[in-house]
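Engineer: Dumping the structure here so I can ask a few things about it.
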Amino acid sequence: MVTGSKGLKFSAVVGAVALASVTLGVVGAAAQPGEATSTTRTASYLHFPKVVVWTTSPSANPALAPGDYAQDTVIQLTNTSNERVDVNCYYVNANRHCGGPPGSGPVCRTDADCLPGVQCLPGWQSADFQVDLAPQQPVGWTASTGLSRLPCFDAGCPGGIPDQQFGLVPAVAEQPFIGELRCFAVENDVPIDADVLKGEATIVESGPFGSADQVLSASYNAIGFQATSDGGGGDALCLGGTPAGATCAANYTPCAANLSVQHFFDGATVGDSVVSTELTLSPCSTELETGALLAPSNRVVALILVYNEFEQRFSTGTVVACSENTRLVDIDTPEGPAGDDFSLFSVGTQGTLGGQTRIKGTGGGDLFGPGLVAVAHQYFAPDSDSDPTSSAAYQVNGNFAAEPIADALYPPAGP
């Protein structure tokens, strides 16, 4: 367990797919069932799949270089109830490092980012903290700096009055940082059935470094899981049921069985802009409280179908071991611009401006379910060689009733 904790007890968030409809996309509140995973309803458990930080801090390793964009994430967490609520939160660091775990070398994405002969290796870690929110209180912070103390609406609060709020928000552990944030409502460190939390994240980018002539912002709502019962004994928080080998401390609405996202293909010209897209995929379930996440046991294989506007279907796949943030065209080609024109997500390959991508997780180990959550982040630039001038983030849809992707990838033999 890492700094900021008050003796948190719950080590895992594990998922099982239940036979119920669930929507992760932005839809009207009237269309939501009574208990649904949603980005528009308050919840007991919130998941922010994409948190990125890379500033001009002297501790950044590697440092920003001319042409790079500085990044930070502004997070807002709100208690919508008329009662105080404690919230346990975990930052999950999904960085890889040259040579091994954090501290062993600079942050990297591939072996090409490291010295010759040095591998870019995973070293995922979690860091927890707890905050106490007053009735109807929002609290916001930048992931690069956190909060040394919570804001207080009571004039006498800093003097130690009985209603003084406790808690702090640490800065992310290192820069650059790519990862996620997960938070859930508790009482005496036990998860509670209190769907009172909502959250938003705004990714702010400025640059390129050395000129700072562009500021981009893109916001998305946290994915909320409604509680179905109070917490009890045990070590796991279970989403949608009790997987084999798990003892649930609390039950929440389930992970989505599959995801679908509408998007422009990379390189498409829309109006006066050329579009590119990043996709963040994260396991719905994970190990949180160990110092180093048990990533191999939580690895999810994402089966991917890509449809263009002619309803032609193509397939690919990727492995999601922690929060994976990548350009669409790098999912099926090497990292970087090489091969982008041959990607299934390229407008030149598909021949249509837009399409739909469907994603189904499989695997996830004996304890962790195969569910995935996702956020898409689009960039708009004057041309393919220019820096973006605007951006937008949005959730993807998830449901249980869609066509089973495994069957579509591997149709049964016969006429």
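The values are calculated or read from the model by the stated rules, or taken from the named source; none is laboratory data. The structure presented is a predicted model; accordingly, all values stated were derived computationally and were not measured. Every residue, glycine among them, receives a Cβ derived from its backbone with ideal geometry; neighbour counts consider all protein chains shown.
Engineer: Specify the residue that is surrounded by the most Cβ atoms within 10 Å (Cβ to Cβ); the eligible residues are those in the stretch 277-287 that are of a type in the set (S, T, N, Q) and under 15 Å from ILE223 (Cβ atoms).
Structural biologist: If we take residues in the stretch 277-287 being of a type in the set (S, T, N, Q) and under 15 Å from ILE223 (Cβ atoms), then SER285 is surrounded by the most Cβ atoms within 10 Å (Cβ to Cβ).
Engineer: Please go through the stretch 251-267 and give me each residue that is closer than 30 Å to ILE192 by Cβ and at pLDDT 90 or above, ordered by number.
Structural biologist: LEU259
Engineer: Inspect the stretch 326-347 for any residue being surrounded by fewer than 16 Cβ atoms within 10 Å (Cβ to Cβ), in contact with a Gly (Cβ under 6 Å, 6 or more places away or on another chain), at pLDDT below 95 and assigned to a helix (DSSP H, G or I) and give the result as yes or no.
Structural biologist: yes
Engineer: Out of all the residues in the stretch 97-129, which are under 13 Å from ALA173 (Cα atoms) and either assigned to a strand (DSSP E or B) or of a type in the set (Lys, Arg) (or both)?
Structural biologist: Matches in the stretch 97-129: VAL107, GLN125, SER126, ALA127, ASP128, PHE129.
Engineer: Of all the residues that make up the stretch 42-63, how many are buried (at least 16 other Cβ atoms within 10 Å of the Cβ) and either among the hydroxyl-bearing types (Ser, Thr, Tyr) or farther than 19 Å from ASN93 by Cα (or both)?
Structural biologist: 6
Engineer: Under 6 Å by Cβ, and 6 or more places apart or on different chains, what pairs join a residue from the stretch 87-114 that is touching a residue at least 60 places away in the same chain (Cβ under 8 Å) with one that is polar (S, T, N, Q) and not in a loop (DSSP other than H, G, I, E, B)?
Structural biologist: That search, which allows pairs on different chains as well, returns ASN88/GLN130; TYR90/SER126; VAL92/SER126; ASN93/GLN125.
Engineer: Right, here's the next one. Check the stretch 279-295 and report whether any residue there is at pLDDT 95 or above, under 21 Å from LEU328 (Cα atoms), polar (S, T, N, Q) and in a strand (DSSP E or B).
Structural biologist: yes
Engineer: Just give me the residues in the stretch 366-388 being touching a Phe, Trp or Tyr at 6+ places or on another chain (Cβ under 9 Å) and either modelled with pLDDT of 95 or more or assigned to a strand (DSSP E or B) (or both), in sequence order.
Structural biologist: The answer is VAL375, ALA376, HIS377, GLN378.
Engineer: For the stretch 23-34, check the following and say yes or no: at least one residue is under 22 Å from the mean Cα position of the chain (by Cα) and at pLDDT 70 or above.
Structural biologist: No, the conditions are met nowhere in the stretch 23-34.
Engineer: Return the residues of the stretch 85-106 that are at pLDDT below 90 and in contact with an Asp or Glu (Cβ under 7 Å, 6 or more places away or on another chain); say none if nothing qualifies.
Structural biologist: PRO102
Engineer: Name the residue, out of VAL306, VAL274, VAL270, that is more than 21 Å from VAL52 (Cα to Cα), β-branched (Val, Ile, Thr), at pLDDT 90 or above and surrounded by fewer than 17 Cβ atoms within 10 Å (Cβ to Cβ). Before the answer, list the steps.
Structural biologist: Working: VAL306 fails: surrounded by fewer than 17 Cβ atoms within 10 Å (Cβ to Cβ); VAL274 fails: surrounded by fewer than 17 Cβ atoms within 10 Å (Cβ to Cβ).
One residue alone meets the criteria, VAL270.
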